[in-house]
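Colleague: This structure is in structure tokens; I'll ask about it shortly.
The values are calculated or read from the model by the stated rules, or taken from the named source; none is laboratory data. Predicted, not measured: the structure shown is a model, and the values here were computed from it. Glycine also receives a Cβ, built like all others from the backbone with ideal geometry; neighbour counts cover every protein chain displayed. Protein only, heavy atoms only, side chains kept; ligands, DNA and RNA dropped before computing areas. Shrake-Rupley method; radii C 1.70, N 1.55, O 1.52, S 1.80 Å.
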Amino acid sequence: MAQIFRYSRQLKNAHSILRHGPAYTLCFSSEESAFVSRGDDVLRRHRKGILGKGDAGTNISMDYFAKRIKMSSAALPISHLKSSPSKTSIPPSAFGLLRTFPGRQSAAMRCYSTNSDLPPHQEIGMPSLSPTMTEGNIARWLKKEGDKVSPGEVLCEVETDKATVEMECMEEGYIAKIIKQDGAQNIKVGEVIAITVEEEEDVGKFKDYEVSSASTDQDEVKTTPETTKASSTKKPEQVKASEPKVSPSEGTAHSDDRIFSSPLARKLAEDKNVPLSKLKGTGPEGRIVKADVEDYLASVKTATPHAKSVDDGAVHALNYSDIPNSQIRKVTASRLLLSKQTIPHYYLTVDTRVDKLIELRSQLNSLQEASGGKRISLNDLVIKAAALALQKIPQCNSSWMNDFIRQYHNININVAVQTENGLFVPVIKDADKKGLSKIAEEVKNLAQRAKENSLKPEDYEGGTFTVSNLGGPFGVKQFCAIINPPQSCILAVGSAERRVIPGGAGVDQFEFGSFMSVTLSCDHRVVDGAIGAEWLKAFKGYIENPTSMLL
């Protein structure tokens, strides 16, 4: 029986076709070949590259292709189908293969309901908006139910493991149902968050729509009603046949999560309100006996008064509130824990005199103010000095890749920024090639966007070295930072302080100087101690002679 489907808009009557004739699906095998088989679904698209699944029934072969069915991310030419006793593989060169959308957002799945009450609709799943994202939160919807959407329009804002990202629509249609409302949390990637339809008059039909279990798990094996009925009728017989014959005392012992106990011990435990799960049996084969219950009661009687007073005191003394963790906080915690557990850290600290650096900064800011540019901070000069030091010592601009060490040719400096939402590390790309005014402008713009929680993935991905400064804003003298994997180094910058140092030829002559402490944390698998010391020497040279950075 030949069925010709011309365009996706004509599939609104797919349910009537399913009710009056067999449905055929086109499948891609793992060997990049295709076959057509009879099944329950009509052209259902799957992420694994399979457009449909057939059952074990009659298999159909393709003779040639002429007509095309236009779907959301695949063009499938179909012209003529005829019955064949065997499944025939067709080389991919004979027809157009799947064409998937580029980018991070997962393509939504189109499915056609066999229920006559529901028109064709599209289930939009939670997209994967970053390489490490496994789940996300809905920050807010920018569209509401009934709104028309077009490709490229923003549907909602999704809080990922790194930032809040806008989710764009892939196809034209109308939002029929929003499954996950504003503030929905811990939504797995691929889980349905909304339903769209092609016709506006179909929106009202999804008012009471609920996502089925089949929609949330695309790889779940479907069982027919006959199979379910047969298995349900056989199950009591199998249980009855396999049920062992036991004595009344043994049956009682097996009933409570299979905890073995004697009838007398069980009766005593029930009278004293003692859970059998808290008892350790000393009888045959671990069976709980009367003596076990009595020993437990004696131990509890001895320990209860003291424990109760301690607990009561603790309850009255504590006053707290639980703060839910954001996605950024969860990912930051897991990555820092991974770093400390798997990366062999060592630390190198050096004091640098910054009098000339402060003087150069004052001169440059005078020029910036005259030209209307952004003011240059000491941290901007530190970023530039770190980038130039990486040019001299490229071993510190590397990552451990297990079987080899990857040395980067781009010098991209991540800058740690603390916000109310957590710790962000936006990146200054090619910092060694940029001037101080350009670095100052980018740092301020990225820091502001981080505080507004509006960073995009390209704003924080691709860093090769990190700078963390707690000295300027917080006055911290010196600290050791945790390496940001997969990088091999991070520089912790402390505050500058005035010190009295020997000066002049005389013994009793002194002078004042400003010194800044910096600590380099290194991955010992990649950067040996001597290499780390060489990098700090180069960095100190640029800080104490800052005019060399302008050459």
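Colleague: Counting alpha carbon pairs within less than 8 Å and at least 6 residues apart, what relative contact order, in whole percent, applies to region 489-551?
Modeller: 29
Colleague: Let me ask something additional. Sorting check: for 155-163, 442-450, which peptide has the highest mean count of neighbouring beta carbons within 10 Å, and how do the rest follow?
Modeller: 155-163, 442-450
Colleague: Here is a follow-up. Count the net charge of all other residues whose Cβ sits under 14 Å from the Cβ of Gln478, scoring Lys and Arg as +1 and Asp and Glu as -1.
Modeller: Once all neighbours under 14 Å are counted, the net charge is 0.
Colleague: Also: Can you figure out the FRET efficiency of Gln478 with Val507, using R₀ = 41 Å and their beta-carbon distance, to the nearest 0.05? Walk me through the numbers before you get to the answer.
Modeller: Values: r = 30 Å, r/R0 = 0.73.
According to the calculation, E is roughly 0.85.
Colleague: Shifting gears a bit: Would you please give the FRET efficiency between Asn545 and Asn325, computed as 1/(1 + (r/R0)^6) with r the Cβ-Cβ distance and R0 = 35 Å, to the nearest 0.05?
Modeller: 0.15
Colleague: What is region 109-210's relative contact order, in percent, from Cα pairs under 8 angstrom and six or more apart in sequence?
Modeller: RCO, region 109-210: 32 percent.
Colleague: Compute the accessible area per residue over region 331-550, keeping the other protein chains in place, probe 1.4 Å, unit Å².
Modeller: Values: 10650 Å² over 220 residues.
Accessible surface, normalised per residue, equals 48 Å².
Colleague: Can you give the Rg/Rh ratio of region 367-440, where Rg is from the C-alpha atoms and Rh is the Kirkwood radius?
Modeller: For region 367-440, the value is 1.06.
Colleague: Okay, moving on. Read phi for every residue in region 511-524 and hand back ³J(HN,Hα) as whole Hz from Karplus 6.51 cos²θ - 1.76 cosθ + 1.60, θ = phi - 60°, with x for Gly and Pro.
Modeller: 9, 9, x, 9, 10, 10, 8, 10, 10, 9, 9, 10, 8, 5
Colleague: Applying a 10 Å radius around every beta-carbon, put 392-400, 329-337, 271-279 in order of their mean neighbour count, most first.
Modeller: 392-400, 329-337, 271-279
Colleague: Also, I was wondering about something else. Between region 139-177 and region 436-467, what is the separation of their alpha carbon centroids in Å?
Modeller: So the separation of the two Cα centres works out to 25 Å.
Colleague: Rounded, prolate or oblate: pick one for region 331-550, where a ≥ b ≥ c are the square roots of the eigenvalues of its C-alpha gyration tensor, a/c under 1.5 means rounded, and failing that, prolate if a/b is larger than b/c, else oblate.
Modeller: It comes out oblate by the Cα gyration axes.
Colleague: Set the Förster radius R0 to 35 Å, insert the Cβ-Cβ distance between Thr419 and Ser366 as r into 1/(1 + (r/R0)^6), and round the FRET efficiency to 0.05.
Modeller: 0.65
Colleague: Calculate, axis by axis, the spread of Cα positions in region 121-205 along the three principal axes, and write the results as whole Å, longest axis first.
Modeller: Here the spans come out as 38, 22, 18 Å, largest first.
Colleague: With an 8 Å cut-off on Cα pairs and a minimum separation of 6 or more residues, tell me the relative contact order of region 310-422 in percent.
Modeller: This gives 21 percent for region 310-422.
Colleague: Rounded to the nearest percent, how much of the accessible area of region 121-205 (1.4 Å probe, protein heavy atoms only) is carbon and sulfur?
Modeller: 42
Colleague: In addition: Under a 5 Å amide H to amide H cut-off, with H placed in plane at 1.01 Å, what residues pair with Val149 once short-range neighbours are removed?
Modeller: Excluding prolines and chain starts, which carry no amide H, the hits are Gly173, Tyr174, Ile175.
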